[in-house]
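J.: Take a look at this one; I'll ask things after.
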Amino acid sequence: MSSPLPSSPFPSRSSSSSVLDLAPVLPVVVIEDAADAVPLARALVAGGLPAIEVTLRTPAAIDAIRAIAGAVPEAVVGAGTVITPEQVGEAVAAGARFLVSPGWTDVLLEAMRASGVPYLPGVSTTSEVVALLERGVREMKFFPAQAAGGTAYLRSLAGPLPQARFCPTGGVGPDTAPDYLALPNVSCVGGSWMLPADAVAARDWARIEGLARQASELRA
């Protein structure tokens, strides 16, 4: 999510130019079977979570992104765990509307910048945050959130680096999410608790929709 963006990539879903503002929670989705992608995305959107990060951790991920982009227009589907320029190209070609990386290098950052879609590079240290600010990037993924210092660490960054906005991901759940969302420099959190493995395996989309709805109401 580079900043500033030339125009909003999500005009029909939010007046904001940032995916960070679409909902308080960004679902982090691991899809093993591309056939599950569309009903899963529909359940998340129906529950109030339109932004969906499909992680590139499985062979089905690119097909899943393509399926969601084609069949669920009300979803804002993105690609996560992006770590190479090649993955950037594949994800965007499949229809990804934003990119998320667990960390960054100059090579990866340039590929994401050149992709033409918003991107959210991962950071876990103050120096990484400052380095991205120098490069004009103000929106970042804080990962792994709990292991890297959690809310106390992010709170300590708000004073000296107020221009940085974060989506903490990694160890965040329904009990800790409200604490993160209360911070002035946190716009949303990433997590997968609304996608329990047994519900996905059973294709219990109604249960997932209900959990997504609860997550969508966390900021309120």
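A short reminder: the numbers here are calculations on the coordinates, not readings from a lab. It should be emphasised that the depicted structure is a prediction, and the values quoted were computed from it without experimental measurement. Virtual Cβ from ideal backbone geometry, glycine too; neighbours counted across all protein chains shown.
J.: Could you list, in sequence order, all residues of region 44-90 that are among the charged types (D, E, K, R), part of a loop (DSSP other than H, G, I, E, B) and touching a residue at least 60 places away in the same chain (Cβ under 8 Å)?
T.: The answer is Glu74, and nothing else.
J.: Just checking, how many residues over region 146-202 are among the aromatic types (Phe, Trp, Tyr) and at positive phi?
T.: The qualifying residues number 0.
J.: Another question, if that's okay. Restricting region 37-51 to residues that are aliphatic (A, V, I, L, M) and over 17 Å from Ala79 (Cβ atoms), which is surrounded by the fewest Cβ atoms within 10 Å (Cβ to Cβ)?
T.: Filtering first and then ranking leaves Ala46.
J.: Within region 198-220, which residues are surrounded by fewer than 18 Cβ atoms within 10 Å (Cβ to Cβ) and within 15 Å of Pro39 (Cα to Cα)?
T.: Within region 198-220, Ala201, Ala202, Arg203, Asp204, Ala206, Arg207, Gly210 qualify.
J.: How many residues does region 104-144 contain that are in a loop (DSSP other than H, G, I, E, B) and either free of Cβ contacts under 8 Å to residues at least 60 places away in the same chain or in contact with a His (Cβ under 9 Å, 6 or more places away or on another chain) (or both)?
T.: 10
J.: Taking Pro27 as meeting all but one of (1) in a helix (DSSP H, G or I); (2) under 23 Å from Phe143 (Cα atoms), write down the number of the exception.
T.: Here Pro27 clears every test but (1).
J.: Within region 148-163, does at least one residue satisfy the condition of being assigned to a loop (DSSP other than H, G, I, E, B), more than 25 Å from Thr105 (Cβ to Cβ), touching a residue at least 24 places away in the same chain (Cβ under 8 Å) and among the basic types (Lys, Arg)?
T.: no
J.: Quick one: in region 114-134, of everything that is more than 13 Å from Gly103 (Cα to Cα) and touching a Phe, Trp or Tyr at 6+ places or on another chain (Cβ under 7 Å), which residue is surrounded by the most Cβ atoms within 10 Å (Cβ to Cβ)?
T.: Once the filter is applied, the top-ranked residue is Pro118.
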